[in-house]
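Structure first, commentary second.
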Amino acid sequence: MRDLLRHRDIRLLVLARFVDVLGDNVMWIALGIWIKQLTGSNSAAGLSFFVFILGSIMAPAGAVVVDRMRRRPLIMALNLVSGLVVLPLLLVHDRDGVWLIYAVMFGYGLLSSITGAAMTAYTQALIPAEQLGQANGLLQTVLQGLRLISPLVGAGVLAAWGIAPLVFGDIATFVLAALLLRAIATPEPAPAERPEKKRFRSEMSGGIRQILSTLILRQATAAAVLCVLAFGLSESVLFAIVDEGLHRKPAFLGVIESFQGLGAIVAGLLAGSMISRVGESRLIALGMAAGGLGFGACCVPSVTMVALGVMLVGVSLPWIIAALMTLFQRTTPPELMGRTSAALDMMISVPQTTAIAVGAALVAVVDFRMLLAAMTALMGAGSLYLLTRGATVPEPAPGPEPEPAQTGPASAH
């Protein structure tokens, strides 16, 4: 990782991503709290997450643009547009303006997903293939570390000074991220020329076809879906663990989550070397196994066991995400990278959102330990599935995009 950070442009890329995501996370958390303050409704506050995800589901359409042009100027432009999108929040003063917050969240979700797809593609273009694992591990260390500070910053600034400082602060992070990207000196390759004109719908589905036509990507995506189902259920279960399992006040959740952040930082630092040793698919499997063990440990009514379990859950996240992104970057041709990244995001966002809604409903009527058992089973099944597959990472071969299958979607096997 030290060798990686010796490169000025890579340092600029990591710093730009840090600044960008810091602004996103702080604003995202604050907006949910703000809606709760304006309406007094937990449902209204929770709806902001749904609207954000709804925006991200539209990302494959925008990702067509990602694969048609250079990614760095596009990301810079998306950052500046995102800064403009949050300005209407300054017009909201009471619950009658909540619809405007939802509109901003929709745009935020859409732009954030397109920016993420473009950043994944730009990372693939900027960093040599043999260093992608190290780079993704480093990015995950930085991004997971934000989990320790962004909730406190967002809630604290909102409580002390209101929404305006958060809006202007978010705009500042977007502008700073764009300036950092502009300072990168390494030239970016021109986008590949399309061999023939295709219908927009066909181009938009190119990322999905890439996943379905590549065995190891189908397998990794299937495991990722099981993973996000488990993590979706955990959103509500964590509160029950603190309340019913440990008999502590809700504020104790902050202490528990700090252990998750600690585990994530340590795992992020190790992710690059782990990818080199065991490969992307096996590291995803190991990450899911760690997460499953962590969820299982949270069944024990002991602060020590819950802290250990949550730390293992924290370990699982950067291993799974860094390995998954590296696998997609190493397997996908550059001219398809933006759409494939957006397709993956869409394919896991829908089950994750569903699991969050189901978890919120079930935790009120089902013992939380049963949900933890289900989460453990989902993570274990995904890990076992990947460990018993034999697919290897193929060399990405530029050329025509995969055509739609004639006999229906391919199996994940």
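Check off (1) within 16 Å of the chain's Cα centre (by Cα); (2) closer than 30 Å to HIS7 by Cβ; (3) open to solvent by less than 20 Å² (accessible area, probe 1.4 Å) for GLY109 and give me the number that stays unchecked.
(2)
Can you name every residue in the stretch 30-83 that is basic (Lys, Arg) and assigned to a helix (DSSP H, G or I)?
Quick first cut of the stretch 30-83, residues basic (Lys, Arg) only: 36, 68, 70-72.
Listed by number, the residues that qualify are LYS36, ARG71, ARG72.
Between residues in the stretch 49-63 that are under 23 Å from VAL26 (Cβ atoms) and residues that are crowded, with 24+ Cβ neighbours inside 10 Å and of a type in the set (A, V, I, L, M), which pairs lie under 6 Å by C-beta distance while being six or more apart or on different chains?
So the pair list comes out as VAL51/MET105; PHE52/MET105; ALA59/ILE114; ALA59/ALA342.
Would you mind telling me which numbered condition in (1) of a type in the set (Asp, Glu); (2) in contact with a Pro (Cβ under 7 Å, 6 or more places away or on another chain); (3) open to solvent by 40 Å² or more (accessible area, probe 1.4 Å) GLU335 fails?
Exception for GLU335: condition (3).
Conditions first: (1) among the hydrophobic types (A, V, I, L, M, F, W, C); (2) at pLDDT below 80; (3) surrounded by 20 or more Cβ atoms within 10 Å (Cβ to Cβ). LEU4 passes all but one, so which condition is the exception?
(3)
Which condition from (1) assigned to a helix (DSSP H, G or I); (2) modelled with pLDDT of 85 or more; (3) out of contact with any Ser or Thr (no Cβ under 6 Å at 6 or more places or on another chain) is the one that GLU203 breaks?
(2)
Condition test on ALA360, is it under 30 Å from GLY55 (Cβ atoms) and open to solvent by less than 50 Å² (accessible area, probe 1.4 Å)? Please lay out each step first, then the result.
On the way: under 30 Å from GLY55 (Cβ atoms): yes; open to solvent by less than 50 Å² (accessible area, probe 1.4 Å): no.
When the stated conditions are applied, ALA360 does not pass them.
If you scan the stretch 145-163, which residues turn out to be open to solvent by less than 40 Å² (accessible area, probe 1.4 Å), part of a helix (DSSP H, G or I) and at pLDDT 85 or above?
Residues satisfying the conditions are VAL157, LEU158, ILE163.
Out of (1) open to solvent by 40 Å² or more (accessible area, probe 1.4 Å); (2) closer than 27 Å to SER273 by Cα; (3) outside any helix (DSSP H, G or I), what's the single condition that is false for ILE184?
(1)
To keep it simple, each residue is scored yes or no on (1) surrounded by 18 or more Cβ atoms within 10 Å (Cβ to Cβ); (2) charged (D, E, K, R); (3) farther than 16 Å from GLN219 by Cα; (4) out of contact with any Cys (no Cβ under 9 Å at 6 or more places or on another chain).
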residue	(1), (2), (3), (4)
VAL315	yes, no, yes, yes
TRP319	yes, no, yes, yes
ARG330	yes, yes, no, yes
ALA342	yes, no, yes, yes
MET347	yes, no, no, yes
ALA364	no, no, yes, yes
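List every residue pair whose Cβ atoms lie under 8 Å apart, where the two residues are 6 or more positions apart in sequence or sit on different chains, the first residue falls within the stretch 374-388 and is touching a residue at least 24 places away in the same chain (Cβ under 8 Å), and the second residue, located anywhere, is assigned to a helix (DSSP H, G or I) and of a type in the set (S, T, N, Q).
Listed pairs, sorted by first residue: MET375/SER234; MET379/SER316; TYR385/GLN219; LEU386/GLN219; LEU386/SER281.
The values are calculated or read from the model by the stated rules, or taken from the named source; none is laboratory data. Just so it is clear, the model here is predicted, and its values are computed rather than measured. Please note: Cβ atoms are built from the backbone with ideal geometry, for glycine as well, and neighbour counts cover all protein chains shown. Quick note on the areas: whole protein, heavy atoms, side chains included, nothing else; ligands and nucleic acids left out. Shrake-Rupley method; radii C 1.70, N 1.55, O 1.52, S 1.80 Å.
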